[in-house]
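The values are calculated or read from the model by the stated rules, or taken from the named source; none is laboratory data. None of the values given here were measured: they were computed from a predicted structure. Cβ sites come from the backbone with ideal geometry, for glycine too, and all protein chains shown count toward neighbours. What goes into the accessible areas is simple: the full protein's heavy atoms, side chains included, and nothing from ligands, DNA or RNA. Shrake-Rupley method; radii C 1.70, N 1.55, O 1.52, S 1.80 Å.
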Amino acid sequence: MVADFDTIDININVGPQHPSTHGVFRMVLTVDGELVRDLDAVVGYLHRGAEKLLENQDYRQGIGIQDRTEYLAQFPAEQSYVMAAEKLGGFVVPERAEYVRVICVELNRIASHFMFMGAYGTDVGVFGTSFIYGFRERERVYRFFEELTGERMMYSYFRVGGLAWEVMDGFEEKARALLQELKRGINDINGLLTRNEIFIARTRHVGEISAERAIEYGLSGPVLRSTGVRWDVRKDEPYSVYDRFDFDVPVGEFGDCYDRYMVRLEEMRQAVRIVEQALDQMPKSGPIMPEKMPRMLRLPAGEVYVPVESARGEYGVYLVSRGGNHPWRCRVKSPCFTNLQALREMTVGEYVADSVVILGSIDLVLSEVDR
Amino acid sequence: MIPLDQVLVFSGILFALGVYGVLTRRNAIAILMSVELMLTAVNTNFIAFGVFHRPSLAVGLVFAVFVITVAAAEVGLALAIILRIYRQRTTANVDEVDILKW
Amino acid sequence: MSVEQWVFYVLAAIAVGGAAVTVFARDIVRAALGLIVALLMTAGVFVLLSAEVIGLVQLLVYGGAVAILILFALMITRAREVTYRLDGPQKPLALLAGATLAAAIGVAVVGTVFPTNTDHINPVGFVEMSTALFQTYAVPFEVASLVLLVALVGAIIIARQEERQ
Amino acid sequence: MMPVLGYWFGIAWLDAILRLAVIAGVMTVVVIFLTYAERKVIARVQQRLGPTRTGPAGLLQGVADALKLVLKEDLRPTTADRWVFELAPFMVFVPVFLTFVAVPFTRDLGVRFLSLGLFYIVAVSSLNIVGFIMAGWGSDNKYALLGGVRAAAQMISYEVPLVLTVLGVAMVASSLDIRVITERQDVVPYIVWQPLAFVVFIIAGLAEMNRTPFDIPVAESEVVGGPTVEYSGIRWSFFQLAEYSSLFVLSALGADLFLGGYIWPFGSNPPGWLQLILILVKTSFMILMIFWVRATFPRLRIDQLMSYCWKVLIPVTVAQLFFNGLVLVYRWPDILLLVFSGALLVGATAATAVAVRRAARRPRDAQAVRDRRLQYARGA
């Protein structure tokens, strides 16, 4: 007898120009009052054809493109690419280089997560404080990287076979000092957000996704681990020297926004642990490139897929070579793009205000989604 | 000082406008607004007579308070009823809500 | 003419203007905004009549009430998407009725000789009014509050009936 | 703000106009420096400097911003409802302007001292809801509309606890005249007798001003400024003016009602300059607290906001009012006011915190919750 309450669902265009879309991302929300009825994610505003570009660059030049593909966690992207090439060419990376790579990657993970914490706080509504805190710590890491590589963002520091050049003087001491500061920074963020009732109320049980659905979607990284699935490429398919470190893989309980935040927070602590161990175990001297590296890199024909655990999940590079000095085909499996699929399922039925929190909790990097 | 009859004329105009609104509007909410106008006009009268009476009558003001109370209750209830009708009939047009039983 | 009288004329004119907007406007949101203008100016008139308390009550009650009215109006008429006819065909007759009523009231007011001296306001003191409200008429006051409560509960029940079904 | 010396020039209307002009000037200056102060305070919380360039220590930054706003183009969307759009900023601003009239700053300094001052402020300040709805509707923008609707829901709801708290104070002081209320606090400020009222006053005040953590209507990260999204230049600055003026008025009012205003702790009649210093210190304390909250708190969601108001704030304030009535009517010792109010405050705070944490720990079927919400929205 009761007819449908015939209200009009409004379409709201969030993005591509919106403070909370973290780049040029657009989602069309169909809202009924404050409820999200439907969500249509529109990607592609930042598509630059990075994969096609990779096919036209030789292996060394490709590293720079990887930096630009994933501009918040550059080292994992570089690592994935150079590891793929190394696997194709059968190069053995010197141990010292592996340790430096791990240190770079883990510091980069911390920097990326700090960026997430800052932006996430802003999404939830903190007026800039978390943002500044996050950026302050990220800046420390970037300064360290600048000293190491000469660049603030586009490092191009890894090379197929090892590293571009030797680390700077006092690398170890500087890294340890940096870690001390980062620990304080983690505690700052922790103190600002973690136990805040409003923060809990805004993120707990918001944007939940079950473990089964997460696996069906092929999610990875903190978004997957927040659902309770203990899966981490570093642990489960160890690459580089990760099998030599003692670290935990934090998992969440409910797969909601709060868990995603907590998983990242704990991951930062674990990354600090890894870097400390790496600094301890690292050979104090030794080569950083294999003995016999050809001047022009020509890899044998074949295809290879190498995943690494980036800050956002499984970042994989699929390389196909037909011989020659550049890849014949290169595809990037980007974690954000896969994670973004679940956005609709997480958001529909939640409130409008939650949609930006959920989007923030996925921790998007649009250049990596669109490539 | 304001003469009483001018206040009364003012309230009379308001009331007449309200009556016109009630008679001519078909949208339930618009009718409700017109009723509010009429109630305010009545209030003005109460207050005017209250304060112009000599010695002054607090009763007029007390009545005005009651009128406002009733008006508030009326708005609440009327809006609930309108909402209900709207949900069932998809209209707030009083001409179309003419079936008392179904 | 005294300043107060001028103020009264200005307030009354704006109030009548607002009322006219309320009943003549084609857009329901504008009608509601006209209503609030009329009500606020009437509150001003109350203050001029030295009934400050009622004036303030008027502000307090109608500020929120009209806001809610506007919301409902938006919800129910979809004012922007659909052109909605607010008026019925009885407009000319209604106009006649309204005009007649106004004329009748005007004539009655002008023609009446009031039994007391009506050119001076005798302010009702705040204390006096409170005494009347809370002591002399305490029972009606309580009843009025009960009416409000019942109306509130009733409104909630009417509006939320779906949930049970 | 000027000493009340009867009518200036003995001409009522000239006097009124002069007073209004003075308020407008004072408000503008206050707002300019409040924006500067807010930027500085928040910058300090965030371990940065804030404005430093314009004038000594950046003091003229607010002036520069005001100038910029005045000179900016005044844009209006072509599809906007013209008059509603253009009048909305004034509808937001004027009520705040009017509340300014009734706040006493010292015993002799204030625009007008009304015997119903508290009631007047509460009544008048409720009007700017209409302005926000007008802005939200008139802009013909979905973010604005969403923000306007949110503003209406929020401000109407939070008006109730706000009124109930000031009513508690008025009961204890048995007056609605703010000066009388203030002067009853020469020994003990009312924050001692009514701690709950003070806390709820600030919470509800934050909500009324749309400030963090209740800045839901203007949420930058969701509705991009809400009702103000389409405004620019001078019209936008009216919203800003209204927000910061009401911040100032509310802080001054809070200082007067709860912190002993210009009296406490120097007995019943401190000299005029001391009164001014006292009120400024207390107002600054309130303002600083609000800035601090803004710098550190996330934002609530609209449903949490509403349930917090109706399930927590209103019951406890009503309970406090009830206890106040008991204590005052039966002439129980004053300390019971503190006991009841304090117990309610502690109880409500603890209950809320526990409830949030417990809800956070308890699992729930997310999909079922969302389905139910959607179904309910459909009215089925």
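Inter-chain neighbour count for A:21-34: the average number of beta-carbon atoms from partner chains within 10 Å of each residue's beta-carbon is 2. Average 1/r across all pairs of distinct alpha carbons in the range D:74-379, invert it, and you get the Kirkwood radius: 20.5 Å.
Ranked by solvent-accessible area (1.4 Å probe, protein heavy atoms only, all chains present), the residues B:Met38, B:Met33 order from largest to smallest as B:Met38, B:Met33. Projected onto the charge dipole of chain A (+1 at Lys/Arg Cβ, -1 at Asp/Glu Cβ, origin at the Cα centre), which of A:Ala353, A:Met289, A:Thr149 gives the Cα projection farthest towards the positive end? Comparing the listed Cα positions along the dipole, A:Met289 ranks first.
In chain A, the longest principal axis of the Cα atoms and the axis of helix A:352-362 are about 10 degrees apart. Shielding value for C:153-160 is 5, the average number of Cβ atoms from other chains within 10 Å of each residue's Cβ. Centroid-to-centroid, using Cα positions, the range D:132-149 and the range D:93-121 are 30 Å apart. How tilted is helix B:4-24 with respect to the longest principal axis of chain B? Cα atoms for both, answer in degrees (0 to 90, nearest 10). So the inclination is approximately 10 degrees. In terms of packing, defined here as the mean over residues of other Cβ atoms within 10 angstrom, the peptides A:205-216, D:348-359 line up highest first as A:205-216, D:348-359. For D:Phe93, the shell of other residues with beta-carbons less than 12 Å away shows a net charge of 0, using +1 for Lys and Arg and -1 for Asp and Glu.
Of D:Gly233, D:Leu326, D:Trp292, which is farthest along the charge dipole of chain D in the positive direction, counting Lys and Arg as +1 and Asp and Glu as -1 at C-beta? Selected residue: D:Trp292. Straight-line reach from A:Lys333: taking Cα to Cα under 15 Å and skipping same-chain neighbours fewer than 8 places apart, the aspartates and glutamates in range are A:Glu51, A:Asp67, A:Glu70, A:Glu78, A:Glu303, A:Glu309, A:Glu314, A:Glu368, A:Asp370. For the range A:262-269, the Karplus equation 6.51 cos²θ - 1.76 cosθ + 1.60, evaluated at θ = phi - 60°, returns couplings of 5, 4, 5, 4, 5, 4, 5, 5 Hz by residue, with Gly and Pro reported as x. Summarising the amide proton neighbourhood of A:Arg26: residues at separation of 5 or more, or on other chains, whose placed amide H is nearer than 5 Å comprise A:Val42. Report, in degrees rounded to the nearest 10, the 0 to 90 angle that the Cα long axis of helix A:74-89 makes with the longest principal axis of chain A. It is inclined by approximately 50 degrees. Karplus-derived 3J(HN,Hα) values for the range D:308-322, using 6.51 cos²θ - 1.76 cosθ + 1.60 with θ = phi - 60°, are 5, 5, 7, 9, 10, 5, 5, x, 5, 5, 5, 4, 4, 4, 4 Hz; glycine and proline are entered as x. Each peptide among D:314-325, A:92-103 gets the average number of other Cβ atoms lying within 10 Å of its residues, and from highest to lowest they stand as A:92-103, D:314-325.
The charge dipole of chain D, taken about its Cα centre with unit charges on the Cβ of Lys, Arg, Asp and Glu (plus for the first two, minus for the last two), comes to roughly 1220 debye. Database remark: amide H of A:Arg159 closer than 5 angstrom to the amide H of A:Ala164 (H placed geometrically; neighbours at sequence offset of 5 or more, or on other chains; Pro and chain starts carry no H). Peptides B:18-31, C:146-159 ranked from most to least packed, by the mean per-residue count of other Cβ atoms within 10 Å: B:18-31, C:146-159.
A simple count of charges around D:Leu288, restricted to other residues whose Cβ falls under 12 Å of its Cβ and scoring Lys, Arg +1 and Asp, Glu -1, yields +3. The phi torsions of the range A:285-299, fed into the Karplus equation with coefficients 6.51, -1.76 and 1.60 and a -60° offset, translate into couplings of 8, x, x, 10, 9, x, 4, 10, 9, x, 5, 10, 7, 10, 9 Hz, rounded to whole numbers, with Gly and Pro shown as x. Cross-link partners of D:Lys72 among aspartates and glutamates, defined as those whose alpha carbon lies under 15 angstrom from its own and excluding same-chain residues fewer than eight positions apart: D:Glu230. Basic side chains Lys and Arg get +1 at the Cβ, acidic Asp and Glu get -1 at the Cβ, and with that the dipole of the range A:49-370 about its Cα centre reaches some 600 debye. Taking a straight line from the alpha carbon of D:Lys282, these lysines sit under 22 Å away, with near neighbours fewer than eight places off in the same chain left out: D:Lys40. Legend: mean number of C-beta atoms from other chains within 10 angstrom of residue C-beta atoms, peptide A:117-128, equals 6.
Rounded to the nearest 20, the size of the Cβ-charge dipole of the range D:85-184 about its Cα centre is 140 debye, with Lys and Arg at +1 and Asp and Glu at -1.
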